[in-house]
Amino acid sequence: MRAAVFRGPHRPLTIEQVEVGHLGDDEVLVATRASGVCHSDLHFIDGHMSAGSAVMVMGHEGAGVVQAVGGRVTAVGPGDHVVACLSGFCGRCPQCLGGHPNLCRKPRVSRPRGAEARLSQDGEPLVQFANLSTFAEQMLVHENSVVAVDPAVPFAVAALLGCGVLTGMGAALRTARVRAGQTVAVFGCGGVGLAIVQGARLAGAGRIIAVDLVDAKLELARRLGATDGVNGADGGAVEQVRGLTAGHGVDHAFEAVGIPTLMRQAIEVLGVRGTATICGVWSPGSTLELPLDAIHPECRIQTSRMGSNRFKIDIPVYLGLYLQGRLDLDELVSARISLDEVNDAFTTMRTGELARTVIEFPASGEHGSAETGEVD
Ligand SMILES: [Zn+2]
Ligand SMILES: [Zn+2]
């Protein structure tokens, strides 16, 4: 199959032929039909996160059609439409059993050390990014890495649920538990931030203030439910947000990018008893400097890992809201490209212009036979 291969930072991904391994008993082979391009992929390509000398197939936000399943798989079957999620889990540890599988201590979704690699090239193993590798025509993954979804949902939309939308919706609805009438500020209106805006809208937030540096993103945020937009490019974002709340500050502020300056602003706009929820992925080694005078009484600062998700429940719920017309995901797909154009998506992402670029794979990529479970 064809896949986008990472061979080190500061180099474009290359489209190469890659072999898919044999289907394990707990595994699912999926014909990829769409993959979102997320900032976490860019972190590796730009060298902000290191993968050592690993050669990897990138991508972690995918959707497709199940081609074959291993003998012990019960959750999905051939022909099912599925969304892949990087919050793979074991189902047995205290976090999983306590209802927090996104914090699983030992996700059993990769193969054990020494086992045949799921992906290889000329006999050399390749690293499967996030145990998914969605920038490829096929995904060979553990059954605890996928969930079946309604086939009425377009693949490009379904793919977004695997990372960005799950993270943003979950941050608002599950981590922060925004309540009706509360005031909300969202710092960063990319894929995650726009999903936070919609989660806050669905929760009935009274005022939703979107903050970004790009006017086009603020306009998009307004279409998706923000009541106000603040462009922080001229500075003074904190004062502008506080001004919109008559100086009181907000009940909830969300940071959706992973930049310490924005985290600090999210804390500084809080009112009394406000909660700042940090959703962005920060670069290793980052620190947050905070003047303590900026903190109002009984404020809380928390992080959200992938929207505190239980993805096997949450993804179908969120897609149900989409099918009812209550969650707008079509607007989040800002560009559709082919696998060959994957590097263009990163170039666009660096300019900060778009919500989400989605790679689409033609249905003809579904080689292998679902009936016999045979794999090319
Ligand atoms: Zn992601
Ligand atoms: Zn677990």
Legend entry - Rounded to the nearest 20 debye, dipole of the chain from Cβ charges on Lys, Arg, Asp, Glu: 1380 debye
Inset, instruction - Would you mind estimating how fast the range 266-326 diffuses translationally, via Stokes-Einstein at 4 °C and 1.567 mPa s with the Kirkwood radius over Cα pairs, in µm²/s? - result: 90 µm²/s
Inset, instruction - Restricting things to alpha carbons, tell me how big the chain is in terms of Rg and Dmax, in Å. - result: 20.5, 66
Inset, instruction - For the chain, with a Gaussian network of springs between Cα atoms less than 10 Å apart, report the residue from Gly62, Gly191, Gly77 with the top mean-square fluctuation. - result: Gly77
Inset, instruction - Would you mind checking the radius of gyration and Dmax of the range 168-305 based on alpha-carbon positions, in Å? - result: 13.1, 37
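Taking the Kirkwood radius as the inverse of the mean 1/r across Cα pairs, report the Rg/Rh of the range 191-260.
A ratio of 0.93.
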Inset, instruction - Quick one: net charge around Gly320, please, counting Lys, Arg +1 and Asp, Glu -1 for every other residue with C-beta under 10 Å from its C-beta. - result: 0
Inset, instruction - Grab the alpha carbons of the range 1-130, take their convex hull, and tell me the volume per residue in Å³. - result: 129 Å³
Legend entry - Tail fraction, Cα-Cα pairs, the range 71-205, threshold 22 Å, whole percent: 50 percent
Legend entry - Helix-only [θ]222 nm of the chain, DSSP H runs n ≥ 4, -39500 (n - 2.57) each, per residue, nearest 500: -6000 deg cm²/dmol
Inset, instruction - Report the relative contact order of the range 168-305, percent, no decimals, based on alpha-carbon pairs under 8 angstrom and at least 6 residues apart. - result: 22 percent
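Count the net charge of all other residues whose Cβ sits under 12 Å from the Cβ of Pro94, scoring Lys and Arg as +1 and Asp and Glu as -1.
Within the 12 Å Cβ shell, the charges total +3.
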Legend entry - Ranked packing of 107-118, 280-291, most packed first, by mean Cβ within 10 Å: 107-118, 280-291
Inset, instruction - With a 10 Å radius around each residue's Cβ, average the other Cβ atoms per peptide and rank 328-336, 232-240, highest first. - result: 328-336, 232-240
Legend entry - Ser145, Ser120 arranged by Cβ crowding within 10 Å, fewest neighbours leading: Ser120, Ser145
Inset, instruction - With a 10 Å radius around each residue's Cβ, average the other Cβ atoms per peptide and rank 40-52, 156-168, highest first. - result: 156-168, 40-52
Legend entry - Alpha-carbon centroids, the range 277-313 and the range 192-240: separation in whole Å: 18 Å
Legend entry - For the chain, share of DSSP beta bridges that run antiparallel, in % to the nearest 5: 55 percent
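Quick note: the coordinates plus some simple rules give every number you see, no bench work behind them. Everything numeric in this text was worked out from a predicted model, so none of it was measured. All Cβ positions, even for glycine, are placed from backbone atoms using ideal geometry, and neighbour counts span all protein chains on display.
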